[in-house]
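First the structure, in the form of structure tokens, and then the observations on it.
The values are calculated or read from the model by the stated rules, or taken from the named source; none is laboratory data. In this text, all values refer to a predicted model and were calculated from it rather than measured experimentally. Backbone-built Cβ (ideal geometry, glycine too); neighbour counts: all protein chains shown. The area values use the complete protein model at the heavy-atom level, side chains included, leaving out ligands, DNA and RNA. Shrake-Rupley method; radii C 1.70, N 1.55, O 1.52, S 1.80 Å.
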Amino acid sequence: VRQWVLSVPKRLRYHLEHDPAIETLALRIFLSVVEQALCRACPGAGSDSRIAAVAFIHRCGALRNRHEHFHCIVIEGVFEADASGGATFHESGAPDQKLLDEVQAKVRRRLLRALAWRGVLEPEDAETMASWEHGGGFSLDAGVRIEAADRQGLERLLRYWARPAFGLEPLREIDAEHLVYESVKAGPGGSVSLMLTPLELIERLAALIPPPPRHRHRYYGVLAPNAPLRAQVTT
């Protein structure tokens with residue numbers, strides 16, 4: 001399996017956080033573009049082939065700052081129904097940088113066009129964002145890959161992305177009015193620690209709680225709840 005991670009520009013993150021329809025739209029566009037890329041990488045796959053993916057929606061960054069982005073675990077290949085009603089798997093090769101650039105550019109183009117059509121962005125603003133250099137704030141990474149036989153590695157990866165948004169280990173108390181939250185990764189501005197009062201900490205944690213019924217985990221392709229091949233793939 002391979003991990004695909006997508007982050008969008010700051011201007012769009014507000015809409016992802018506050019509008020469930022926009023959040024779902026962005027995730028579907030992302031996974032559909034990845035699916036199209038994997039189908040092209042499998043010459044023997046038919047036009048109705050589907051990927052198997054689990055998406056984890058994260059609502060914060062390294063220092064628990066609000067930063068909604070997507071982590072998707074995708075089996076490296078596509079599934080296709082065969083004549084007997086079973087599922088045939090077509091394995092794809094590792095994506096090269098050219099394919100990754102194409103996926104990022106297509107996600108960027110489709111999402112900006114969809115947001116302009118829905119009135120979330122002015123058409124002129126969408127055109128301007130589409131012309132920004134260095135990906136225009138869209139960031140795509142697919143560097144983490146787990147071999148099929150490495151079940152422990154897969155479990156560690158899934159546990160890592162399914163973890164809660166907040167843990168007690170990085171938090172320490174200086175005194176009754178000052179808490180420090182430390183992160184392994186640098187947050188905005190390069191800082192690896194954040195000093196908060198108890199009320200500021202509660203405010204940050206409250207912002208990370210997804211409102212009902214916005215699930216943090218989504219299943220896509222043949223793993224979707226009503227997918228015809230779900231039973232064949234998961235048994």
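Miscellaneous remarks
- Each other residue within a Cβ distance under 14 Å of residue 57 adds +1 if Lys or Arg and -1 if Asp or Glu, for a net charge of +4.
- In units of the rule-of-thumb radius 2.2 N^0.38 Å, the chain shows an alpha carbon radius of gyration of 1.12.
- Carbon/sulfur fraction of accessible area - the range 145-235, other protein chains in place, 1.4 Å, %: 60
- Our estimate of slack between residue 66 and residue 195, defined as 0.36 nm per intervening residue step minus the Cα-Cα distance, is 44.8 nm.
- Cα long-axis angle, helix 20-40 against the chain (0 to 90 degrees, to the nearest 10): 40
- Highest average first, the peptides 146-154, 6-14 ordered by how many other beta carbon atoms sit within 10 Å of their residues are 6-14, 146-154.
- Highest-first arrangement of 92-101, 171-180, where packing means the average Cβ count within 10 Å: 92-101, 171-180
- Cα gyration tensor category, rounded, prolate or oblate, for the range 1-127 with a/c compared to 1.5: prolate
- Residue-normalised accessible area of the range 116-190, given per residue in Å² at a 1.4 Å probe: 72
- For residue 148, net neighbour charge (Lys/Arg +1, Asp/Glu -1) across residues whose Cβ lies under 14 Å away: -2
- Here the range 1-138 has 51 percent of its accessible surface on carbon and sulfur atoms, given a 1.4 Å probe and all protein chains in place.
- Subtracting the Cα-Cα distance of residue 159 and residue 89 from 0.36 nm times their residue separation leaves 22.6 nm of extension gain.
- Signed unit charges on C-beta, dipole axis of the chain, positive-most listed residue 16, 95, 32: 32
- The orientation-averaged shadow of the Cα convex hull for the range 85-198, equal to a quarter of the hull surface, comes to 13.1 nm².
- Cβ-defined net charge surrounding residue 223, 10 Å radius [Lys, Arg +1; Asp, Glu -1]: +3
- Angle between the chain longest axis and helix 97-117 axis [Cα atoms, degrees, rounded to 10]: 70
- Listed by chain and number, the aspartates and glutamates placed with their C-alpha closer than 13 angstrom to that of residue 98 are 141; residues fewer than eight positions away on the same chain are left out.
- Ranked from largest to smallest solvent-accessible area, with a 1.4 Å probe on the protein heavy atoms, 89, 56 come out as 89, 56.
- Protection proxy ranking of 109-118, 33-42, 161-170, by the mean of other Cβ atoms within 10 Å over each peptide's residues and highest first, is 33-42, 109-118, 161-170.
- Accessible surface for the range 1-76, divided over its residues, is 34 Å² per residue with a 1.4 Å probe.
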